[in-house]
Amino acid sequence: MKNNIPLGDNQWHLFHIANDPGEVHDLAGMEPALFQKMLAAYEIYEREVGVIQLPKRYSAAGEVAKQAMIQMLKNILPYLLIPAFAVAGVIIRRARTKGASIH
């Protein structure tokens, strides 16, 4: 198992889930041959199915927050632009009428 920060230390670990469901005792140091065999098997799997590595500072919570903000802006932006264009139109119209009355 390998969990990225902040949920993990971004390192591979070996646990016996049936005996250690809390994943407290890392067996990688006690079973180095098994650990290396499992890492090699995962690397093959990774290549075969095209696993994409997550960026070093990837955070699922951060990604959810970012995507939520993007969606919120997409949904709200038209409602913000309509009044902004209306105000801009009024300002431009006033500037033109002032410019025309000066001459």
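General remarks:
- Test for Leu27: is it at pLDDT 95 or above and in the same structural domain as Leu14 (by TED's automatic domain parsing): yes
- In the set Gln36, Gln53, only one residue is free of Cβ contacts under 8 Å to residues at least 24 places away in the same chain and part of a helix (DSSP H, G or I); that residue is Gln36.
The values are calculated or read from the model by the stated rules, or taken from the named source; none is laboratory data. The structure presented is a predicted model; accordingly, all values stated were derived computationally and were not measured. So basically every Cβ, Gly included, is an ideal-geometry build from the backbone, and we count neighbours across all protein chains shown.
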